[in-house]
Amino acid sequence: MEYFILNSRGLPVIEPDARVWDLWHRADPRRHMLCTDWEVEDGLVIVETCFQGFDLRPSEQRGDGHPVLWDTAATLYPNDPPGRRGVHLGLWWWDSDTAARMGHEQAVHDIQMEWGGDERGGNGSA
């Protein structure tokens, strides 16, 4: 498996050392790109877009085109009962920073159309 980190210009580059990748993955705040949250009648919706640093596609699909290194996850955290696990609303994969940012905005829009509410976290970085 190939591991990727973001260079000083924010572009993904291969990191051959898994230990260096692991340290970068845990520490670099640029990995968490966007986070938008808002209240709905049933709880709190959170949409987060992250740079994962490895190709998310199944191994048999890797090697075709650009690696898919970003994802957007949408989760509803219900009000009742307190502490209940989140409900998965969607997961999308992206092969570029630009696609990930556009996809985040589209996911927020689509989920707001279905669930209602206005974001309170804006679309700034996490």
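For Asp64, are the conditions met, namely being assigned to a loop (DSSP other than H, G, I, E, B), surrounded by fewer than 16 Cβ atoms within 10 Å (Cβ to Cβ), out of contact with any Gly (no Cβ under 6 Å at 6 or more places or on another chain) and touching a residue at least 40 places away in the same chain (Cβ under 8 Å)? So Asp64 fails the test.
Residues in the range 86-95 that are over 26 Å from Met1 (Cβ atoms) and not in a strand (DSSP E or B): Gly86 alone. No other residue among Ala99, Ala74 is aliphatic (A, V, I, L, M) and part of a helix (DSSP H, G or I) apart from Ala99.
For Gly83, the criteria (1) modelled with pLDDT of 85 or more; (2) out of contact with any strand residue (DSSP E or B) (no Cβ under 8 Å at 6 or more places or on another chain); (3) among the small types (Gly, Ala, Ser); (4) over 24 Å from Leu6 (Cβ atoms) hold in every case but one, which is (1). Residues being modelled with pLDDT of 95 or more and surrounded by fewer than 18 Cβ atoms within 10 Å (Cβ to Cβ): count how many of those fall in the range 38-53. Of the residues in the range 38-53, 1 are modelled with pLDDT of 95 or more and surrounded by fewer than 18 Cβ atoms within 10 Å (Cβ to Cβ).
Screening Val13 against (1) surrounded by fewer than 16 Cβ atoms within 10 Å (Cβ to Cβ); (2) at pLDDT below 95; (3) of a type in the set (Val, Ile, Thr) leaves a single unmet condition, (2).
Within the range 30-52, the set of residues being of a type outside the set (Asp, Glu) and under 24 Å from Tyr3 (Cα atoms) comprises Arg30, Arg31, His32, Met33, Leu34, Cys35, Thr49, Cys50, Phe51, Gln52. Note on the range 32-59: residues that are touching a residue at least 24 places away in the same chain (Cβ under 8 Å), assigned to a loop (DSSP other than H, G, I, E, B), over 19 Å from Pro81 (Cα atoms) and in contact with a helix residue (DSSP H, G or I) (Cβ under 9 Å, 6 or more places away or on another chain) amount to 2. Do we have Arg84 as among the charged types (D, E, K, R) and either under 21 Å from Gly10 (Cβ atoms) or crowded, with 17+ Cβ neighbours inside 10 Å (or both) here? No.
Among the residues making up the range 87-110, those that are touching a Leu at 6+ places or on another chain (Cβ under 6 Å) and either touching a residue at least 60 places away in the same chain (Cβ under 8 Å) or buried (at least 17 other Cβ atoms within 10 Å of the Cβ) (or both) are Leu89, His104.
The values are calculated or read from the model by the stated rules, or taken from the named source; none is laboratory data. Quick caveat, the model's predicted, so the values are computed rather than measured. Note: ideal-geometry Cβ built from the backbone for every residue, glycine included; neighbour counts use all protein chains shown.
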